[in-house]
Each structure stands twice: as C-alpha cells, then as structure tokens.
Amino acid sequence: MWGDNNSLTVANGAVYSNTAGNGALALGFRASSQGNTVLVTGAGSLLSSSGGVIIGYAGDGNLTVTDGATLATDGNQSIVVGDQPVGSGSGGTGVLNIGTFGGSDSAGTIVTGGIRMGTQVLPPAGSRFVNFNQTNTLTLTSVITGHGTVSQLGTGTTILTANNFYNGGT
C-alpha cells in the first residue's frame, strides 16, 4: 500500500494471495504513507505472500490477524515489522497484531520463516511492535528477531517456542 489511509479486509473464508515474483506485500511503503491497515479475520481466511510481508517500510502499516485466520509467507520468507530504507535516517512504524487490541477474539495463525523487527543491524529509526492481543492460547514457532517491542496485551497466553533474539521491550 503506497498511499494514505488504505485498508484491506480478508474475511469470511476469503483468500488474498500475493504471488508477484519475489515482490513482498508492503504496507506503508513510502515515507509519506500513513494509516494503512490490513485485517485478516475468521476461520478459513488467508493472506499469503510468496515474497514475504513488510509492515511499515518507510511509512506506517498495521496488520491484524484474528479469529482463526492465517497470515502466511512462503518458505524462508519473513514478515518484516517496521523497517528503515538504507541511508534514509528515518524509518516506518510497523505493528503486527495477533488478535484485536482490546477485543475479545481469539488468535490467528502465523506461518512464516520468521518475524523480523527491522532489517538493520543497529537500532533504526521508526517503531516496531508485535502485539499478542488474543484471549486464547497461541503457540508461535517462528523466530522473532531485530529491534522492537513484543507485548502480551490480551488476556490469553502466548507460547514462543523458537530461539528468539531481539532487543527491546517485552
């Protein structure tokens, strides 16, 4: 999503698949991109991308997966939460929500090679958040890396089984 205030909802068993070569599905690609959101909700609903997913590259992006829906990337592709274009000095704000913040819904499923908060070695500009907002128990097997904040905000339980290595709040 390149512009401002764009939204995409994948619900009621719908499938959205990004298979454009190796291109990632990007929310908030340009620095001027603000208010871009994606909601994937409901059993059988699927958002997949063969080239990975970037939430907040230089602008802002917010992606929520909830109520039994699935967010998936192919093979070793990752979900990048917040990023900083090389040499830009500024970065995007990326938010990955599992469950709706303040809601009473269950988690969605994440199937990916990893969740990376930014791609730079040093703490970049911008903000990165992975929020577990669900009311049920979720087991995440994907590794979480990078610089950002991982939060349990819902009443449910989150079990992280990978050897995670990230810097920032928990």
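The values are calculated or read from the model by the stated rules, or taken from the named source; none is laboratory data. Every value quoted in this text rests on a predicted model; they were computed, and no experiment measured them. Here the Cβ is made from the backbone with ideal geometry for all residues, glycine too, and neighbour counts use every protein chain on show. Surface areas here come from the heavy atoms of the whole protein model, side chains and all, with no ligands, DNA or RNA. Shrake-Rupley method; radii C 1.70, N 1.55, O 1.52, S 1.80 Å.
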Practice problem: Only strands (runs of 3 or more DSSP E) wholly contained in segment 29-115 count here; list those with 2 or more residues that are in contact with a strand residue (DSSP E or B) (Cβ under 6 Å, 6 or more places away or on another chain), over 19 Å from residue 156 (Cβ atoms) and of a type in the set (Gly, Ala, Ser). | Solution: 46-49
Practice problem: Please determine, by comparing only the residues of segment 58-76 that are within 12 Å of the chain's Cα centre (by Cα) and hydrophobic (A, V, I, L, M, F, W, C), which one is most open to solvent (accessible area, probe 1.4 Å). | Solution: 72
Exercise. List every residue pair whose Cβ atoms sit under 8 Å apart, with the two residues 6 or more apart in sequence or on different chains, where the first one lies in segment 133-145 and is at negative phi and the second, anywhere, is β-branched (Val, Ile, Thr) and in a loop (DSSP other than H, G, I, E, B).
Key: 133/100; 135/155; 139/161; 140/161; 141/161; 142/112
Quiz item: How about segment 116-141: which of its residues are open to solvent by 40 Å² or more (accessible area, probe 1.4 Å) and modelled with pLDDT of 90 or more?
Solution: 116, 129, 135, 136, 137, 139, 141
Exercise. Among what's in segment 15-57 and is under 13 Å from residue 68 (Cβ atoms) and more than 15 Å from the chain's Cα centre (by Cα), pick the residue that is most open to solvent (accessible area, probe 1.4 Å).
Key: 43
Self-check item: Flag for residue 109 being over 12 Å from the mean Cα position of the chain (by Cα) and either open to solvent by 20 Å² or more (accessible area, probe 1.4 Å) or at pLDDT 95 or above (or both)
Solution: no
